[in-house]
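K.L.:
What follows is a structure written as structure tokens; I'll ask about it next.
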Amino acid sequence: MKKYTYTDKKDTRSGFGAGLLEVGRKNENVVALCADLVGSLKMNDFIKEFPDRFFQVGIAEANMMGIAAGLTIGGKIPYTGTFANFSTGRVYDQIRQSIAYSGKNVKICASHAGLTLGEDGATHQILEDIGLMKMLPGMTVINPCDYNQTKAATIAIADHDGPVYLRFGRPVVPIFTDPDQKFEIGKAWMVNEGKDVSIFATGHLVWEAIQAGEQLAEMGIDAEIINIHTIKPLDEEAVLKSVAKTGCVVTAEEHNRLGGLGDSIAQLLARNTPTPQEYVAVDDSFGESGTPAQLMEKYGLNAANIIAAAQRVIKRK
């Protein structure tokens with residue numbers, strides 16, 4: 001088993017800010033829009049360097065999506081920025097009608113996703129956004145795991161023709177992926193190969209899965225850990241190849257159990273090779289106020305719960 005270590009921690013939203021600046025330097029058609037949250041979205045460096053390519057829309061998220069859709073008609077590549085709850089739930093009609101239905105080349109970039117938004121509580125902690133976005137025809141859905149992968153994804157989506165939902169977060173998390181990585185949309189990343197159980201994780205749960213894998217190894221369980229950073233299109237080949245070897249599955253995500261990564265994998269398995277599966281996800285509830293660590297513990301989104309799920313599903317083989 002490959003050991004993963006880290007020497008630094010950063011929030012994934014800072015990876016977005018760094019990636020936005022870099023892709024702005026590479027592609028003059030990249031423009032940015034924000035709904036009065038430039039500091040939270042780490043967009044200040046882009047604004048400083050490209051003031052004429054930034055649009056402060058204010059607290060008018062629906063208008064922001066409409067403006068972004070219009071900008072694509074002139075060949076621009078708009079990156080919209082606000083919290084995940086406001087990027088999806090508040091503006092679903094505008095995304096569906098103005099962006100997805102007509103295949104507009106808008107990059108919907110959403111910070112503060114999931115429970116780890118923390119103390120702002122349930123009204124801001126959207127846990128349904130992956131489901132909302134993946135159900136839209138033609139929408140690509142990406143949920144990277146650390147600063148480096150978020151930066152790489154932010155750069156890569158500029159070359160993808162079509163709408164993208166890019167999800168990232170607020171808390172400081174370990175940086176453990178390659179700073180020079182090539183991000184491939186729709187291509188899963190094999191973290192560690194194994195033979196006893198497949199653990200498919202996304203976002204903040206990838207690091208928890210790595211920690212779980214190390215502890216499972218000490219118990220004599222050889223876990224295969226795969227980072228599903230692109231939830232749609234799902235890397236079906238990677239999933240089916242892994243499951244053919246292990247015969248059981250754990251999915252781990254900071255999202256509602258209904259509608260997220262786990263459901264996508266369950267549908268794939270049901271169509272091809274029905275397989276025992278356990279979910280590590282929020283169990284169909286809203287969140288609450290608390291620190292990110294407290295909430296991840298209470299709602300079962302950590303290494304200990306991944307270990308328990310792996311043990312349960314192995315018994316079901």
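The values are calculated or read from the model by the stated rules, or taken from the named source; none is laboratory data. Note that the structure is predicted; figures quoted are calculated from it, not measured. As a convention, Cβ positions derive from the backbone with ideal geometry for all residues, glycine included, and neighbour counts pool all protein chains shown.
K.L.:
Name the residue that is farthest from residue 150 (Cα to Cα), counting only residues in the stretch 7-30 that are of a type in the set (Ser, Thr, Tyr) and surrounded by 13 or more Cβ atoms within 10 Å (Cβ to Cβ).
P.N.:
Going residue by residue through the stretch 7-30, those that are of a type in the set (Ser, Thr, Tyr) are 7, 12, 14.
Filter once more, keeping what is surrounded by 13 or more Cβ atoms within 10 Å (Cβ to Cβ): 12, 14.
Working: 12: 6, 14: 8 Å.
Looking at residues that are of a type in the set (Ser, Thr, Tyr) and surrounded by 13 or more Cβ atoms within 10 Å (Cβ to Cβ), I get 14.
K.L.:
From the list 79, 92, exactly one residue is in contact (Cβ under 8 Å) with a residue 24 or more places away in the chain and surrounded by fewer than 24 Cβ atoms within 10 Å (Cβ to Cβ). Which is it? Before you say what the answer is, go through the steps one by one.
P.N.:
Working: 79 fails: surrounded by fewer than 24 Cβ atoms within 10 Å (Cβ to Cβ).
So the residue among 79, 92 that is in contact (Cβ under 8 Å) with a residue 24 or more places away in the chain and surrounded by fewer than 24 Cβ atoms within 10 Å (Cβ to Cβ) is 92.
K.L.:
Among residues belonging to the stretch 264-317 that are in contact with a Lys or Arg (Cβ under 8 Å, 6 or more places away or on another chain) and surrounded by 20 or more Cβ atoms within 10 Å (Cβ to Cβ), point out the one that is modelled with the lowest pLDDT.
P.N.:
Among those residues, the one meeting the criterion is 292.
K.L.:
Is it the case that residue 244 is over 21 Å from the mean Cα position of the chain (by Cα) and surrounded by fewer than 24 Cβ atoms within 10 Å (Cβ to Cβ)?
P.N.:
On the way: over 21 Å from the mean Cα position of the chain (by Cα): yes; surrounded by fewer than 24 Cβ atoms within 10 Å (Cβ to Cβ): yes.
Here the answer is yes, as residue 244 does meet what is asked.
Here's the yes/no breakdown for (1) over 19 Å from residue 165 (Cβ atoms); (2) outside any helix (DSSP H, G or I); (3) touching a strand residue (DSSP E or B) at 6+ places or on another chain (Cβ under 6 Å):
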position	(1), (2), (3)
3	yes, yes, no
13	no, no, yes
19	no, no, no
22	yes, no, no
25	yes, no, no
37	no, yes, yes
41	no, yes, yes
47	yes, no, yes
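K.L.:
Continuing with this model, one more query. Return the total of residues in the stretch 207-254 being within 19 Å of residue 273 (Cα to Cα), out of contact with any helix residue (DSSP H, G or I) (no Cβ under 8 Å at 6 or more places or on another chain) and among the hydrophobic types (A, V, I, L, M, F, W, C).
P.N.:
2
K.L.:
Can you report the number of residues in the stretch 95-121 which are surrounded by fewer than 18 Cβ atoms within 10 Å (Cβ to Cβ) and either within 22 Å of residue 263 (Cα to Cα) or in contact (Cβ under 8 Å) with a residue 40 or more places away in the chain (or both)? Give the derivation first.
P.N.:
Filtering the stretch 95-121 for residues surrounded by fewer than 18 Cβ atoms within 10 Å (Cβ to Cβ) gives 96-97, 101-103, 119-121.
In the following step, the residues that additionally are either within 22 Å of residue 263 (Cα to Cα) or in contact (Cβ under 8 Å) with a residue 40 or more places away in the chain (or both) were identified as 96, 103, 119-121.
Here the count works out to 5.
K.L.:
Give me the residue from the stretch 122-143 that is in a loop (DSSP other than H, G, I, E, B) and out of contact with any Gly (no Cβ under 7 Å at 6 or more places or on another chain) and, out of that set, surrounded by the fewest Cβ atoms within 10 Å (Cβ to Cβ).
P.N.:
Pass one, the stretch 122-143, residues in a loop (DSSP other than H, G, I, E, B): 122-128, 135-139, 143.
Next cut, out of contact with any Gly (no Cβ under 7 Å at 6 or more places or on another chain) only: 123-124, 135-137, 139.
Numbers: 123: 11, 124: 16, 135: 13, 136: 19, 137: 9, 139: 21.
Checking each candidate, the answer is 137.
K.L.:
Spot the failing condition for residue 219; the list is (1) surrounded by fewer than 20 Cβ atoms within 10 Å (Cβ to Cβ); (2) within 18 Å of the chain's Cα centre (by Cα); (3) closer than 21 Å to residue 300 by Cβ, and only one is missed.
P.N.:
Answer for residue 219: the failing condition is (2).
K.L.:
For residue 157, all conditions in the list (1) more than 17 Å from residue 265 (Cβ to Cβ); (2) part of a loop (DSSP other than H, G, I, E, B) hold save one; what is the number of the exception?
P.N.:
Unmet condition: (2).
K.L.:
Looking at residue 45, is it of a type in the set (Asp, Glu) and closer than 29 Å to residue 120 by Cβ?
P.N.:
Numbers: of a type in the set (Asp, Glu): yes; closer than 29 Å to residue 120 by Cβ: yes.
Against the criterion (of a type in the set (Asp, Glu) and closer than 29 Å to residue 120 by Cβ), residue 45 qualifies.
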